[in-house]
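Below you'll find the structure, written out as structure tokens, and then a few comments.
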Amino acid sequence: MGEQDRGFHADRVAVSYWDAQGNETVRYFAANLPEEEIPDVIDSPSTGLPAGRDKENPPAVSKTEPYKTHLAYVKERRTEEEAAALLEEALQQLRARRGTATQD
């Protein structure tokens, strides 16, 4: 078994990454890949934490933004007046479908 059975294998380099918990992840890259194209930080597959190439100084976890509800995103795009107008329009359409529309 070997190259005769499996074909030619390109030269490659192993690059180790460590996360804040000390877990090592090894990634392989083509040997002719320029150094600047090899990432400095990856996501650790075992923990999801950022993993860097410096074992003694792994990257810190970046601050995550809190979960936003759909309403929070809508409030970023609409003013209170726009929201009230849209709600009134939707209620009028609903009342018209139900046959309970009020005459203004």
Sparse-neighbour loop sites [GluC sites (Glu not before Pro); segment 2-87; at most 14 other C-beta within 10 Å; DSSP]: GLU56
Answer label, with mean projected area of the Cα convex hull in nm² calculated from the coordinates and candidates [x] 6.4; [y] 7.0; [z] 15.3: [z]
Cα-based reach from LYS55 at 28 Å (exclusive), listing lysines while leaving out same-chain residues under 8 positions away: LYS63
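Exactly which trypsin sites (Lys or Arg not before Pro) in segment 3-67 are in a DSSP loop and have at most 15 other Cβ atoms within 10 Å?
Values: sites: ARG6, ARG12, ARG27, ARG53, LYS55, LYS63; in loops: ARG53, LYS55, LYS63.
When the trypsin sites (Lys or Arg not before Pro) of segment 3-67 are filtered for loop state and at most 15 Cβ neighbours within 10 Å, LYS55, LYS63 remain.
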Within the accessible area of the chain (1.4 Å probe), percent carbon and sulfur: 50
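How much length, in nm to one decimal, is gained on full extension between THR47 and THR69, taken as 0.36 nm per residue of separation minus their Cα-Cα distance? If you can, show how the numbers build up before the last one.
On the way: separation 22, 0.36 × 22 = 7.92 nm, distance 2.60 nm.
Roughly 5.3 nm would be gained on extension.
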Structure-based [θ]222 nm, the chain - -39500 (n - 2.57) summed over DSSP H runs of at least 4, per residue, nearest 500: -9000 deg cm²/dmol
Residue among ALA84, ALA51, ALA20 with the largest mean-square fluctuation in a Gaussian network model of the chain, springs linking Cα atoms under 10 Å: ALA84
Inter-part distance where segment 7-32 and segment 42-69 are each reduced to a Cα centre, Å: 18
Stretchable slack from ALA84 to ARG12, in nm (0.36 nm times residue separation minus alpha-carbon distance): 19.8 nm
³J(HN,Hα) computed for each position of segment 7-15 - Karplus, 6.51 cos²θ - 1.76 cosθ + 1.60, integer Hz, glycine/proline x: x, 6, 9, 5, 5, 9, 10, 9, 10
Inter-probe distance in nm under a simple model that places probes 7 Å from Cα toward Cβ, at ASN32 and GLN92: 6.9
1.4 Å probe accessible area per residue over the chain, in Å²: 86
Nearest-ten-degree value, helix 80-98 long axis tilted from longest Cα axis of the chain: 70
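Which is the longest stretch in the chain that no exposed loop site breaks, taking sites as chymotrypsin sites (Phe, Trp or Tyr not before Pro) with a DSSP loop state and at most 16 other Cβ atoms within 10 Å?
Details: sites that count: PHE8, TYR67.
It works out to 9-66.
The values are calculated or read from the model by the stated rules, or taken from the named source; none is laboratory data. Small disclaimer: the values here were computed from a predicted structure and weren't measured. Cβ atoms come from the backbone with ideal geometry, glycine included; neighbour counts cover every protein chain shown. Protein only, heavy atoms only, side chains kept; ligands, DNA and RNA dropped before computing areas. Shrake-Rupley method; radii C 1.70, N 1.55, O 1.52, S 1.80 Å.
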